[in-house]
Each structure stands twice: as C-alpha cells, then as structure tokens.
1. Which whole-Hz ³J(HN,Hα) couplings does region B:661-673 yield from phi under the Karplus relation 6.51 cos²θ - 1.76 cosθ + 1.60, θ = phi - 60°, glycine and proline marked x?
2. Averaged over B:31-41, how many beta carbons belonging to a partner chain fall within 10 Å of each residue's beta carbon?
3. What is the mean number of Cβ atoms from other protein chains located within 10 Å of the Cβ atom of each residue in peptide A:84-91, rounded to a whole number?
4. Taking Cα atoms, how many degrees apart are the long axis of helix A:27-37 and the longest axis of chain A, rounded to 10 and kept between 0 and 90?
5. Can you tell me how region B:225-366 classifies by the Cα gyration tensor, rounded, prolate or oblate, using a/c under 1.5 as the rounded cut?
6. May I ask which residue of B:Gln585, B:Gly238, B:Ala831 lies farthest towards the positive end of the charge dipole of the protein assembly as shown, with charges of +1 (Lys, Arg) and -1 (Asp, Glu) on Cβ and the Cα centre as origin?
7. Search the structure for amide H atoms under 5 Å from the amide H of B:Phe593, placed 1.01 Å from N in the peptide plane, and list their residues when 5 or more places away or on another chain.
8. Of the listed pairs B:Lys124/B:Lys736; B:Lys252/B:Lys328; B:Lys124/B:Lys341, which have alpha-carbon separations greater than 29 Å here?
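The values are calculated or read from the model by the stated rules, or taken from the named source; none is laboratory data. Computed from a prediction, not measured in an experiment: that's the story for all the values here. For neighbour counting, all protein chains shown are included, and Cβ atoms are generated from backbone atoms with ideal geometry for every residue, glycine included. Just the protein is used for accessible areas: all its heavy atoms, side chains included, with ligands, DNA and RNA removed. Shrake-Rupley method; radii C 1.70, N 1.55, O 1.52, S 1.80 Å.
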Amino acid sequence: MSKPTNLIQGALDVLILKTLSTEPKHGWAIAKRIRQVSQEVLQIPQGSLYPALHRLEHQGWIRAEWRETEAGRHAKFYSLTRAGRNQLSSELENWDRLSSAIGLVLRMAE
Amino acid sequence: MRWPRILYMRRRSLFGRPRLEEEMTDELRYHLEEQIRENLNAGMPPDEARRTALEEIGGLDRVKEACRDSRGVTLVENAWRDLRYAWRVLARSPAFLAVAVLSLALSIGANTAIFSFLNAVLLKALPVPEPHRLAIVTRHNDQYGWDTSAFNYPMYRELARRMRAFSGVLAYWPMPVNLTAGNQAERISGELVSGSYFRVLGVRPAIGRLLTDDDDGAEGGHAVCVIGYRLWQERFGGDPRVLSMPILLNAKPFQIVGVSQPGFEGAALQSRHDVQVPMSMTELFMGEKRDTRGWSWMQIVARLAPGVSRTRATAELQAVGTQLDAAKLVPGIGPGANLWKLADGSQGVDWQRGQLRDPVLVLMAAVALLLVIACANMGSLLLARAARRRPEIAMRLALGAARGRIASQLLAESLLLAGIGGAAGWLLSLAMTRLLAAWLAAGSPGVVFRIAPDARVLVFTVAVSLCACLLYGLLPAVQSSRAELLDALKSKPAGGFDRPWARRVLVAAQVALSVVLLLGAGLLARTLRNLQTVDLGFRTERVLMLTVNPAMSGYNEGAARTFLSDLRQRIRRIPGVESVTAASQALLTGDMFAANVHVQGHAPHGEEPNHFFNLVSPDYFRTLGTPLLFGRDFTEADRKGSPPVAIVNQRFATHYWPSGSPLGQHFRWGGGIDVEIVGVVADAHYQNVRDPAPVTAYLPLAQRPFEQVTLMARTGGNPTRLMPLVREQVRALDPKLPVIRMTTLAGQRDADLSRERVLGFLSGLFSLLALLLACIGIYGITAYSVAARTHEVGIRLAMGARRSHVLGLFVREGVLLVALGVAIGVPIALAATRVLASLLFGLPPRDPVTFVACTALLALAGAAASLIPATRAAAQDPARALRHE
C-alpha cells in the first residue's frame, strides 16, 4: 500500500460531495468508494472522514439518516441536500479552474 | 433551504447532546466492524484484524472529539459553562455582587426610564397608519413676527379643495365637555373635528360608524358624536347598546354613532380625548358659529399624498396660501407676507415635544454620564478583583489554559453582572417611569404620557447593558489574561500589589464626570429654589382654588351669576374661611385673557406690551394679599349698569402715565369699551411662575359676561382640610355641576413648576448617585494603598512618625485624585452647562456660587472617603504592621 496522499480539507469536502452525488452512502462506503475510484491512491483516514462528514452536515450541504444496509444492519446514511448539490457544482468549477491553472504553472516550469 | 437546516443542526448540537453522542458512537462502531470484517475477508486472523482496524481509525475518542469540534458548538457550550462558572465565583463574594448589581441596576434602570420618556416624547407616533405623512399647517407673519397654527373654517375648506400635495386635510380643536349619561355627569376631554378627520387619520370603528363629511354639513343640525374605546369600556362597560343610549353633551342630547378603534385616543399623542363631535356643532361648545370668518381658532393637519415630501408640499402650500391671503380669506390679517410652513405631525397636534424636548435630553445626558461613572466604578472593582485573583489565574495559565479562555471566563462574569443588572434595571425603570409620568402630568392636566415600554425600549436596555459590559469588562479581562506568568506566580496573594494606574485613571474619570453631573444638578436645584422663592406679587399660602363652569351645564348668564354669588356666600360661611373672591382667569394655570388697550393721547414708544386682563370680584386683592397702592378696590356697587371701572397694576400705570396719577384716567379696551381707572395695585405674576408680572388690568366680574370661573378662599388653617366642605356646598347648590379643578394656590404653583421640580429632583438624585460611586472608587483605591503599604507604615510608625503624618499620606492621595478629576471635570462642565441656559432661572450657566459649592462638596466627600481607610492605617499597632506580610 502506498503512502496515502495528504488531502487538503477543501479537496476532501468536494470528494465526499461528489461521492454522494449518485446515491446516499454511509461513512464506510464513502471511504471505500473513494479508495476504489482513485485506485487506492486516496486513502481517507477515519480521523478526517468523520469530522468532515459532521462538518458538512452541520453546514447543511449533506443530511444524515439511519437506515438498514443491504446486509440488514443499522447504519448512518448521508445524502446530498439541494444546497449541497449547488455547492458541489460550484466546487467542481473551482476545482477545474484551479487544477488547470496549476497544470499551466507546472508545465511552464519544465 | 440551507439555513433552516443549519439552525436545526445547531439546536440539535446544543440540546440533543446525549442522543448525538450515542449516534456518533454507533456510527463509528459500524465503521470499525466493517473494517474488521474486511480485514477478516482479506484473511487476517481475528485479533490482528481488530487491532489493524483500531489502529487505522486512530483512537475512537480522538475522532469523536474532532467530530464534536467540527459541529462548532463548543463556543456556545463553553459560553454556557463560563456563565455557570462565573455565577459560582460571584456567589462566593456576595458583597461585591450586591454593590455591582445595585450600581448597574440603578444606572441601567435610570437610563431605561429616561429613554422610555424620550421615546414617548420624541420618538413615538400617533397610532394611525403612516403617521409620518401627517403635517401641521402653520403660518408665520412677517409684519407681526409671530407663528400661528390657528385658522378659520373657510381656510380649512379651501386648503382641502386646492392642495394637490395633500391626500387629505382635517381640522381639529380640543375642548372640555360635560358628559351626562344616566344621572351621572362628568367632565371629559373632547375634540371638535372636521368631517374628514377619521378618514384622513385612517382610523377604523370598533362598532358603529365614524364621522363623515355629511356630519359636518349645515351648522347645528348634527348632534352626533363618536366616543373612544377606553371611555366605552370604562364608562359603558363595552355595551354595544351604547349606540342607542341617550346622552347629553353640555346639557344637549347627542347620539353616539360609533366607537373608534382601541388605542386611538384623539389627534394629540400625549393626551386623551374621549369624544369627537363634528364641527357643525361648534356653536354649542365655543359660543361662535363654525363658519365665522373673523375667528381663527382651529388647527389644520394635512396628510401628504403618497411619495410627496414635506418640502415639495410646503412649496405648493406657499403658492396656494398666498392666493388665499390675497383673497382676504381671513379678514383683519395685517399686511406683510405670510410664510406658510408644514411642521411634523407624526405625533399629531401635540406641544409636549416642544415643552419637554430640552429637559428630556438633559436628563438623558445625565443618566448616560451616570452609566459611564457606574461602568468606571465597576471597572475599578473588577480590576481589584483581578489583582487578587492573579495567582489563581497564573496557576491556570501555567497548567495550560488558553489565554483566550481565561479572558472569556472573566468576560462571562461581566456579562452575567450586566445581565442581572440589566434585568433588575428594567424592572426598576417600570416603577420610575410611572412615577415620573405622574409628576410631570400634575403640571399639565389632560396630558397622558405614552410611556408604556415598547420594543425600542427593550432593545435600548439590552444594548445599554451590553455596552456597559464591554466598557467595564474588557479592560480587566484583557489585562489579567495578559499577565506575565512568572511574575504572577512569584507574587504571593497578600503581596500581589502593583501600582494600580488603570484604577487611578478610572477613579479620576469618575470624579471628573461627577463634577459635570453635580454642577448641572446644582444649577437646576438653584433654579428651582429661585423659582420657588420668586416674589409672585401675591401670597400663595392658605388659599383654596375651585373652578367651575356653570355655562357648560346649561346655565344662562343670570342663573350663572346667581349661582356664583350663592356659592361665594356659602363658602364664606364655612368656619376657617377668612375671605372669598372669584376671578375669570385662574392664576398660574396658563389661563390667559389678553386684549388691545387704547389710551387717549398715548404715543406708542418702542415695543408695545401685551395687555393681560382678569375679571375679578370684590376682595380679590385682599384675598390674594396683593397690596392696593392707590385708589379703591371693587365693591358690590360696581355692577352691571353702573359706570365701567378698572384697576390696573403698576406696570400698566407707569407705561401710560410715567409721571402723574392714573386715577380717574380712562382707557378703551377690546372693541372700544371705555373704563375709568379707580385703583392701582402692585404687580403680580399671572400665567405662570417663570414669566414676570405682565401689564395687567382688572375689571369687575359683575360688569362682564363670564363662563369658567375660579373661586379663591383664604383660610385660617390648612386649606386642603376644607376641600370636602367646599365640595359639599357645590353639591348642595347643584349636584350635577362638575368641579373642574380643586386645588390650593401653593399646589398650583408647584404644579406649574412640575417640570423644574422633576428636573431638579432627578438630576440631584443622579448626581448624588454619581458622587456616591466616585466615593466608593476613592475609598477602594485608598484602601488598596493602605493594604499595600501596611509594612512600610509599620516601619514609619516604629521610627517615630506621627499618626497625623500617616493619615495625611493617604488622604493626600485621595485628595490628589479628586483635584485631578476636578481639574479635568470643570472645563468639561463649563462647556456642558451652557446647554442648560434655556432651563435656568435667575442665574447664569456659569454661576460661580454653584461651581465653588459643588467642587467643595466633591472635595469634602473625596477626603471623607479616603479618611476611613487612612484612619485605619494610622491607628494600627506598628509591631503588628511590621509582622504583616
């Protein structure tokens, strides 16, 4: 396992929002999904994931409810609120702008 | 969408704590179990699977704490914890708590009470829709140089017809009314109103209908009226059958057509008018026809059309008004241009704002100063506490407490004090405002102050409490959280003294501000004293006054005369009554009767004075104690049909006959009635205490028609004791005749001075509170010095220093602070007392006597305050003092 990449907080938030954009998930599934999709590059430490979830819920971007999992267990599911959906799209725009800007600078430096 | 959710979350974070904690545990446990399951699936042995999972999660409690932090409630939670802690700390020093809460409650209460007044007098508006669109029409005449807001009825009709900038115009005049319902008569306050009145104001009926233009049609034909909601409730028990109940207004049958909406009590904010009668009935109440052109009497209020500014409306009014002036709508108005104006009408036709603006602002400034002084006092008390708690705070800092948390804990104490002080102050203010309103209203009958606190007052109190808290709490909090750790830890509790510069500055500031308050109060107190001792030209002691109006109860002139002479005789027979007289104008009530005077051969020189008149019975001057200088008093022989005579006062005599005797001279007054002067009396005040005696002429009451009349009786003993007997005599003559006013002349003088008395008393009270607080400050700082220098004093005493020397050492410190404060305060006071000029009487704003007396008082009080701890220092046993650590 490679050393997990350090994530700045804003990036973690947008990853969580993106992951939740398809369907509601519980914390474990969110971490797993991010790990899978990033091909094991992004490992979210639990110590960051749950505070981030609570913070996002507190800010009104996501909401939480207790539901049965497929395995029939009780778990806390998070889903996007409408405000969260708007937030995600503006964050994505920001991200595109930022990453292309960074790309420009890095290429120039070569 | 997002905010409700956030608020919901916050509330849940705050109050749903136990459930939230449980959920958090469940959530993390689920994660942990999933991780373990995955590890097991990956082929790990059970304990390794569990260990790796726990490692990865990195400590459950740390994650939980991080979650809690990210919910962002710690701030509120900490604040709550700080407040509880602060309460425990404060409860441990009840003496400090008591002094702090008391001084805050008094100063915040005083601020709230005065603000309630300021709110009522300056800020509140009539309870009608969009009161700020109301404007009062006035007119300024160039030639005569006076403003008038009295107009005749045709002027109202023309303005209503021609003005485009007004969406409506109403005319109004207040009047006393005798209301008889069933067999009970009482005197209430009413209004003669134009038909447009209710429509323009935007008032709705509670039951029935309101008056319309139809009610204000042909003169005399509309005996209808609308009564106020409060009268309906109080007098008629809210009975809807009131609409068919026969009532009498001034002895004439009227029909009540409706009751106006609750809260509306007439067109003047600070008074209560219980009945509105259409102007078509003017003659019944005023003795003149409504449409009389030569009679300017009523006031006009306009409602500006939507979106029209007062400036724009004034411009149009000037144009229309000039046309109306040119059309000679008011006969007899002089040449010269009229400047038409619109005054703010949001409080309706009310003169309380003009009367009370200055006193209320002065009092507001005084209580604001008092609050600052109280804050300075609190600040210095808190600094002293902080100094005592330095070792404790240093210890906590050393143990790792954040400086911010320490500061916020100290601030919480201040906040708690402000909260308790503010709440207590609010309660106190309710009582204070009621007292204040009662006092002030005593001087102006019919005035009802709208002092009930509203949202604005509440916001004010909360804001003032918070500002106070910041003012006194910030410095100590910041100072002690900044404490140098090592220094603070080293110093032992008893030896933790420093040079309390901050506290000295605060005490000096307290003294300086107290100087300002004391001087202001001193000036106002001396003003009151001057007014109370001014020579009025008559003796106010032991005179009873009784005012009745037989004409309003349907008496014709002959019947009224018989009634008056019967009543005079009956009162004279009451044991203890020395003499009885009657006058058309009651002294010192603001009643006034003025007319032009023409003296043959007199060439006007300079500004011609106003001539005041009074119709009086024989014995008037003897009863009041006004010396008759020349000639004779009126007698019973001066009656209708006998030659018209007059008695003039000295100013009148010297104005027209500077040399030579006025006796036997004639003058013509009013419409040209010729009278002969038969006597000259000393000058006497007339309308009020403040204005000097005017040029006055007295005419026999028996020779002129009269309506309202005041009987005055000089008594051997306390006149109040005779009041029930006098009332009995009135009832014996006519049980249905209401007594309009029964008081004593001295009581009337006090009522006339009610504004000055309230101002003098309150400013005195506030300045004494300020003085007390300043003394507490001086006492505190001296006591602190004494404690700090106990050891040094012990050495001095042991070396043979005299006790008086030690005494002087500490008293000097207190006196120096006072001197510093006075040096700062006096220039401020010199500048500040200038605003009092309009309120003073008989002394300049820089009255040296007051200045010297007040500073001497302050110096004495300061010395006394420092003397107490200083005596303790000087009296101590040197041996013991030396052992003191």
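1. 8, x, 4, x, 6, 10, 9, 10, 9, x, x, x, 6
2. On the way: counts 10, 2, 3, 10, 4, 0, 2, 2, 0, 0, 0.
Per residue, the number of nearby Cβ atoms from other chains is 3 on average.
3. Details: counts 2, 0, 2, 1, 0, 0, 0, 0.
If you average over the peptide's residues, the count of other-chain Cβ atoms is 1.
4. For helix A:27-37, the angle is close to 40 degrees.
5. Numbers: a/c = 2.16, a/b = 1.33, b/c = 1.63.
It is oblate, given that a/c is not under 1.5 and a/b is not larger than b/c.
6. My answer, from the dipole projection, is B:Ala831.
7. B:Phe613
8. Values: B:Lys124/B:Lys736 38 Å; B:Lys252/B:Lys328 35 Å; B:Lys124/B:Lys341 22 Å.
Too far apart for the 29 Å limit: B:Lys124/B:Lys736; B:Lys252/B:Lys328.
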